[in-house]
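Visitor: Below are the structure tokens for one structure; questions will follow.
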Amino acid sequence: MNVPNTSITPEERLEILRSYRKLLRAAAGMLQSQDVRQIRKAIETTLDKNGVLRLPSGKPSVLHSLEVARITVEEVGLGKTSLICALLYETVRQSAVSIDDIRKQFGEQEANIMDGLVKVFDLYQTNASIQSENFRKLLLTFAQDVRVILIIVADRLHTMRMLQHYPREEQETISAEVSYLYAPMAHRLGLYSIKSEMEDLVMKFTNRDLYKFIAKKLNETKRARDKYIREFIEPIKEELKKQDLKFDIKGRTKTIHSIHNKMKKQKVEFEQVYDLFAIRVILDSELKNEKADCWKVYSVVADKYQPNPRRMRDWLSVPKSNGYESLHTTVLGPENKWVEVQIRTRRMDEVAEKGLAAHWKYKGVKGDRGLDIWLESIREVLENPELNAIDFIDDFKLNLYDEEVFVFTPKGDLIRLPKGATVLDFAFDIHSEVGKKCVGAKVNNKNVSIRHTLQNGDHVEILTASNQAPKQDWLNVVATSRAKTKLKQALREIQYKESEIGRETLIRRLKNWKLELNDQLTGLLVKHFKYKSVHDFFRDIAIERLDVVAIKEFILNQSRKDQERELAENAPAVRSAENFVTPPADSEENNDGDVLLIDKNLTNVDYKLARCCNPIFGDDIFGFVSVSGGIRIHRTSCPNAPDMRSKYSYRIVKAQWTGEAGGSYLAAIKVVGEDDIGIVSNISQIVSKELKLKMRAISVESHEGLFEGTVTVFVNNNQILSSLIKKVKGIRGVLSVSRIDGVSS
């Protein structure tokens, strides 16, 4: 392939050639010589026509396309059609090749997918972060051909891999979006390795210190961990060989993100996380023998090491809805350490690693309808035009559920629902009319209410009544997207009918009083009685929550005021000079002493430090425009930051500390250690005498020889807080010290 020297350096030219050759090797046997010639011509046309378009990372965009195309083949497992679309994405974006050209050269499928990819790009041009109505349009594009999702996931993965070359603000925006949307989506599509890498990279750019800390700890313990894995595996290997099973067995360390989650969930330090790694047994087994062979391996493992019955997961009998099949167990290994063991076949492993693409490859295997059902449910949500943007996002996220329960209909059919689903969810899953009329159910032959939460293996028979109607509080009962969507539609229909009845009632009563209802009067009434919408106003009249007599009194009072105003306007204006004072000129506040600089274009801004993360001078921060108009300052690692950046990026403003630290900031640390009578005194000594800090509060609780304390202090900056944490960690008997996000002032 001849890469023209248009605006590219010799090094970039070599990099493009290398990437192109790697792609051809990955796609060996997939592309015909004609395809290769057409792709090469299209790429060269792009470079010749427009020069090189560069990404924020500074790299030529064509290099990004080559890498994304390789990911779609090697890591996602897609075929020729998707490869061509991923590769030609940039050429179409730069108008070097049109969709019609793609249709003529490659075919209808490629043109349709490319059209979807271009629509997604257009959304990103409108707004860097996918949100509100753009989010709906994005999902509509995805729903047309699922390969659009898979190519965009590959695109986001490569962007995350190159994120260190992007500006800091873009790193945070892209990371928030990947965390909020694309990592859960990759998980839902069964792309577990991509999902894990995305989560790790998000943490690397949003919680850098903790990411580096865990990575360093993993590196320090690698040798001991590898030795333990070898010792654990050896006896299992020998026994499996005796059983004449063909297999691979390996150990893998849990991801940094999952270790961090365990530390948070279990409220422990790194050293106390017991299952840092998992053992995976992958069998070469024929389709008809897969289950039996997996259970043979389980038997061998359970004979060698004591299994924990609470940590048994059987996704062989009933696979996950994204096609995932595996047998998981946790056993007590040498040195009394818990070890997770995953047992699967080569086919199951390919489905687990490559998700949807491998799932299609093995079409016909039990469980292959799960993803089709999921995509159908997404389309169902998309087809509801009345759903507002925020509800839409919430409903979509419900479709990304992971844990599931399986229940049976009276006929013995298996129904799959998310964990936490209720009787009402089950009723709406059967049919929306059954859901609307549901009054309860018989679960395992016992009468239960609509709120009853279903468990694995329940037999459910829905009970209905003709006079039952949906109620607003049912929205708090249902857990599935389908039920929420159908329920909202039913409630809107009821409310619309009630609103029409209220309107007719008001028109009739006003006519009796010789008054007429028009749009202007309706607007005044809605505003006076403080209703959000006209529908709510008329509905309250229908259900007699608003008295029509009060409306009559308001109209008559308004008429009197109008008459008085007319009289006053016609009278001569008179103004007294007594006690008259010249109004003072507006004075500008001097912002030179401000410790915070908020955006470059804003002055005299009212800001407050957010309580959810309590930023301190020196922390990485950003501003968030609150509903009241002021600015809330948050740490970039605030637990709420990903949600704010994803849903409300238009309300994010830049913020940074300026000058020197001034004033004092409230901060809190959590201390865990061995219960000792002098521990509080030692902590107080460091706070008050060594560091000369003002302590606001200290509270300590003891339990079974351990204490857990919270120390709240005033500090000038985050360096002083770091110094405090370091010194408290040095106290004898202290096991861990960590900063607490939320501190009440």
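None of the figures in this text is laboratory data; all of them are computed from the coordinates on show. Quantities reported herein were computed from a predicted structural model and do not represent experimental measurements. Every residue, glycine among them, receives a Cβ derived from its backbone with ideal geometry; neighbour counts consider all protein chains shown.
Visitor: What Kirkwood Rh does the stretch 140-284 have if only Cα atoms enter the pairwise 1/r average? Answer in Å.
Guide: Values: mean 1/r = 0.0570 Å⁻¹.
Result for the stretch 140-284, one decimal place: 17.5 Å.
Visitor: Based on the Cα atoms of the stretch 215-361, what semi-axes does the equivalent ellipsoid have, where each is the square root of 5 times one gyration tensor eigenvalue, given in whole Å with the largest first?
Guide: Working: eigenvalues 133, 75, 40 Å².
Sorted largest first and rounded, they come to 26, 19, 14 Å.
Visitor: Quick one: Karplus J couplings for the stretch 20-36, per residue in order, coefficients 6.51, -1.76, 1.60, θ = phi - 60°, nearest Hz, x for Gly and Pro?
Guide: 5, 5, 4, 5, 4, 5, 5, 9, 3, x, 8, 9, 8, 4, 5, 4, 4
Visitor: Amide H neighbours of Leu609 under 5 Å, at least 5 residues apart or on other chains, H built in the peptide plane: list them.
Guide: Correct list: Ile633.
Visitor: Find how much the distance from Glu108 to Arg508 grows on full extension, using 0.36 nm per residue of separation minus their present alpha carbon separation; answer in nm with one decimal. It would help to have the intermediate numbers written out before the result.
Guide: Working: separation 400, 0.36 × 400 = 144.00 nm, distance 5.94 nm.
Stretched fully, the Glu108-Arg508 segment lengthens by 138.1 nm.
Visitor: Give the long-range amide H neighbours of Ala655: residues separated by 5 or more places, or on another chain, with amide H under 5 Å away, using H modelled in the peptide plane at 1.01 Å from N.
Guide: When sequence neighbours closer than 5 places are left aside, the close amide H contacts are Asp599, Gly623.
Visitor: Nearest 0.05, what FRET efficiency do Lys227 and Leu706 give at R0 = 30 Å with Cβ-Cβ as r? Could the numbers behind the result be given before it?
Guide: Numbers: r = 30 Å, r/R0 = 1.01.
Given R0 = 30 Å and the Cβ-Cβ separation, E is 0.50.
Visitor: Rounded to whole Hz and in sequence order, give me ³J(HN,Hα) for the stretch 711-720 from the Karplus expression 6.51 cos²θ - 1.76 cosθ + 1.60, θ = phi - 60°, writing x for Gly and Pro.
Guide: 10, 10, 9, 9, 10, 8, 7, 6, 5, 5
Visitor: Using only C-alpha positions, report the orientation-averaged shadow area of the convex hull of the stretch 491-563, nm², one decimal. List each step's numbers first, then the result.
Guide: Values: hull surface 19.0 nm².
Here the figure is 4.8 nm², rounded to one decimal.
Visitor: With the crude spin-label approximation of a point 7 Å out along Cα→Cβ, what separation in nm comes out for Glu238 versus Lys726?
Guide: Here the answer is 5.0 nm between the modelled labels.
Visitor: Also, I was wondering about something else. Stretch Asp536-Asp303 to full length: gain in nm at 0.36 nm per residue minus the Cα-Cα span? Mind dumping the intermediate values first?
Guide: On the way: separation 233, 0.36 × 233 = 83.88 nm, distance 6.62 nm.
Separation in residues times 0.36 nm, less the Cα-Cα distance, equals 77.3 nm.
Visitor: Follow-up question, since we're still on this one. If I stretch the segment between Asp741 and Lys689 completely, what's the gain in nm (0.36 nm per residue apart, minus their alpha carbon distance), one decimal?
Guide: Working: separation 52, 0.36 × 52 = 18.72 nm, distance 2.52 nm.
Roughly 16.2 nm would be gained on extension.
Visitor: Each residue of the stretch 105-121 in order: what ³J(HN,Hα) in whole Hz does its phi give by Karplus 6.51 cos²θ - 1.76 cosθ + 1.60, θ = phi - 60°, with x for Gly and Pro?
Guide: Karplus-based 3J(HN,Hα) across the stretch 105-121 equals 7, 10, x, 5, 4, 4, 5, 5, 5, 4, 4, x, 5, 5, 4, 5, 4 Hz.
Visitor: Given H placed 1.01 Å from N in the peptide plane, which residues other than close sequence neighbours of Lys419 have an amide H under 5 Å from its amide H?
Guide: Those lying under 5 Å, H to H, from Lys419 are Glu403, Glu404, Val405.
Visitor: Hull surface divided by four, with the convex hull built on the Cα atoms of the stretch 435-502: how many nm²?
Guide: Values: hull surface 20.6 nm².
Projected over every direction and averaged, the Cα hull of the stretch 435-502 covers 5.2 nm².
Visitor: Turning to a different aspect of this structure: If I model a spin label as a point 7 Å beyond the Cα along the Cα-Cβ vector, how far apart are those points for Asn476 and Lys446 in nm?
Guide: 2.4
Visitor: Taking the Cβ of Arg651 as the center, what net charge do the other residues with Cβ under 11 Å away carry, scoring Lys and Arg +1 and Asp and Glu -1?
Guide: Spelling it out: positives minus negatives among the neighbours equals +3.
Visitor: Under a crude label model (7 Å from the Cα following the beta-carbon direction), how far is Glu220 from Phe121 in nanometres?
Guide: 4.8
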